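What follows is calculated from the coordinates using simple rules that are stated; it is not laboratory data. Please read all numbers here as calculations on a predicted model, not as lab measurements. Positions of Cβ are generated from backbone atoms using ideal geometry, with glycine treated the same way; all protein chains shown enter the neighbour counts.
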Amino acid sequence: MLQHLKSRTMALMAGAAVALAAGAVAVVSAGAQSKEPIKIGFSMAQTGPLGPNGQQALLGMKIWEEETNAKGGLLGRPVKLVYYDDQSNPSTVPGIYTKLLDVDKVDLVLGPYATNMVAPALPVVMQKKKTFISLFALDANHEFKYPGYFSVIPTGPKTKPSFTEGFYQVAMQQNPKPTTVALTFEDAEFSQNACEGARENAKTFGLKIVYDKSFPFNTPDLSPIVRAIQASNADLVIVCSYPLSSVNMVQAVKEANYKPKMIGGAMVGLQATVFKNKLGPKLNGFVNYETWVPTEKMMAPAAAFFKKYQELAPAAKVDPLGYYLGGWGYAYISVLGNAVAGAKSLDDAKIADYLRKNTHKTIMGDWSYGPTGEWTKSGMMQVQYHGIKEGAGLETWRGMSYQTILTPSELATGKVVYPYENVK
């Protein structure tokens with residue numbers, strides 16, 4: 001009888017402790033949610049040529065927002081995203097960031113997606129002395145040298161050459177070695193920067209540039225450009241372009257039955273599911289940059305995120321996989337969140353100091369920052385598309401069967417099919 005009474009008393013005490021603990025959590029959570037939210041402001045392309053990628057990034061950021069608030073927010077306060085569609089148009093960006101800072105009174109800002117959008121945001125942010133983390137901007141801080149700038153793009157310290165360095169490395173391992181290269185680039189800041197790096201690489205690897213010309217932004221018909229490049233008889237062709245022009249270039253190359261020894265390099269957009277669906281087998285043979293692919297090793301830290309993203313994607317009507325920018329959108333806002341928590345402050349100078357001094361662990365990998373706000377080590381890859389059949393769909397793009405990592409060597413999953421015409 002006495003033992004039964006003791007047991008019952010212990011059970012009641014344990015139950016009370018659990019109830020008190022649950023109540024404490026509820027009070028903390030309710031307390032955090034009742035406080036004024038920390039407002040994080042940014043522009044993000046939801047329409048226009050960059051929209052399919054910007055939509056992925058935004059969904060990744062919303063997942064971070066939801067998860068962070070479920071854990072009690074930052075500094076005991078909830079977080080709230082305040083954002084506007086920049087329509088893939090650089091001219092909208094200064095006005096958006098002025099509104100965010102002067103009207104919306106956001107506490108923190110993040111950069112937009114893409115070089116063309118980040119560059120016009122920087123002067124506004126600099127004037128307000130705000131810490132600024134950009135998403136996939138190529139060497140945007142080169143002229144400004146703003147100490148509060150931090151980039152999320154795996155180019156490493158050799159920013160401009162990084163997009164095409166692996167392309168050259170693969171080409172120069174072939175026998176006989178190529179000797180000439182043609183460079184074509186869209187008249188846009190990213191493409192100009194990437195092509196500047198391609199020129200530097202051509203010099204480094206000892207190739208003669210036999211064609212080097214730009215084409216207007218979003219040119220619908222690139223067949224005249226392809227014919228001009230074809231006439232140069234270049235061994236290699238490097239294309240530096242934004243999404244719509246990347247698609248148009250692949251189509252023009254196939255229509256002309258043009259077969260250089262290698263082609264690709266720095267073509268934005270080919271990584272997105274919508275464009276892979278559009279091009280299908282026309283992608284076969286192209287060698288192009290990548291920033292993340294779903295190998296077993298890379299997927300391991302990101303699996304839970306992509307499971308959640310892919311569950312939400314159909315209702316959100318965004319890229320169903322999110323491999324190109326969904327994970328990076330989550331990663332770049334999580335770096336800001338971790339810096340706020342680490343600095344224990346919303347003071348921009350303290351946040352910037354934390355970003356400079358620490359290694360940042362994310363679902364997309366780990367990195368640290370050098371003096372210009374770029375990564376200390378490159379994570380850029382070159383992949384080759386192959387074996388894509390007509391009607392290929394989501395299950396093909398979900399895996400690695402249609403693409404081979406060529407560089408860097410420690411991540412390589414196979415060898416290049418060379419020359420390009422040998423790809424069936």
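Charge dipole (Cα centre; +1 on Lys/Arg Cβ, -1 on Asp/Glu Cβ; no other charges) of the range 30-107 amounts to roughly 200 debye. Does the range 302-378 come out rounded, prolate or oblate, given a ≥ b ≥ c as the square roots of the eigenvalues of its C-alpha gyration tensor, rounded meaning a/c under 1.5 and, failing that, prolate meaning a/b above b/c? In terms of gyration-tensor shape, prolate.
For the chain, the Cβ-based charge dipole about the Cα centre amounts to some 840 debye (Lys, Arg positive; Asp, Glu negative; other atoms uncharged).
Here the relative contact order of the chain, from alpha carbon pairs under 8 Å that lie six or more residues apart, stands at 18 percent. Principal-axis analysis of the Cα atoms of the chain puts helix 243-255 at an angle of about 30° to the longest axis. Of all lysines in the structure, the ones whose alpha carbon falls short of 19 Å from that of LYS35, not counting any fewer than 8 places away in one chain, are LYS71, LYS80, LYS105, LYS344. For the pair the range 189-259 and the range 164-185, the centres of their Cα atoms are 13 angstrom apart. Fully extending the segment from LYS128 to HIS142 would add 3.1 nm, taking 0.36 nm per residue of separation and subtracting the current Cα-Cα distance.
Taking a straight line from the alpha carbon of LYS424, these aspartates and glutamates sit under 14 Å away, with near neighbours fewer than eight places off in the same chain left out: GLU390. When the Cα gyration tensor is reduced to axis lengths a ≥ b ≥ c, the ratio a/c is 1.5 or higher for the range 183-246, and with a/b not above b/c it is classed as oblate.
Among the listed pairs LYS130/LYS158; LYS177/LYS203; LYS361/LYS415; LYS99/LYS128; LYS261/LYS282; LYS62/LYS357, which have their C-alpha atoms separated by more than 23 angstrom in this model? Long pairs (Cα-Cα over 23 Å): LYS130/LYS158; LYS361/LYS415; LYS62/LYS357. Round to the nearest 0.05 the FRET efficiency obtained for THR295 and LYS35 when R0 = 35 Å and r is the Cβ-Cβ distance. The value I calculate is 0.25.
Comparing PHE215, GLN173, CYS240 along the charge dipole axis of the range 170-259, the residue lying farthest to the positive side is GLN173, per the Cβ-charge model.
DSSP finds beta bridges in the chain, and of those with both partners inside it, around 25 percent are antiparallel. Here each label is just a point 7 Å from Cα along the line to Cβ, and for ASN358 and LYS389 those points are 4.9 nm apart.
Tell me whether the range 128-239 comes out rounded, prolate or oblate; compute the Cα gyration tensor, take square roots of the eigenvalues as a ≥ b ≥ c, and use a/c under 1.5 as the rounded threshold. It is oblate, given that a/c is not under 1.5 and a/b is not larger than b/c. Near ALA313, once Lys and Arg are set to +1 and Asp and Glu to -1 for all other residues with Cβ below 14 Å from its Cβ, the sum equals +3. Normalising the average separation of contacting C-alpha pairs (under 8 angstrom, six or more residues apart) by the number of residues puts the relative contact order of the range 307-424 at 14 percent.
Taking the Cβ of THR180 as the centre, find all other residues whose Cβ is under 14 Å away and add up their charges (Lys, Arg: +1; Asp, Glu: -1). Net charge in that neighbourhood comes out at +3.
Summing charges over all other residues whose Cβ lies under 15 Å from the Cβ of PHE217, with Lys and Arg as +1 and Asp and Glu as -1, gives -3.
Given their separation in residues at 0.36 nm each and the Cα-Cα distance between them, LEU346 and LYS80 gain 94.4 nm when the chain is fully extended.
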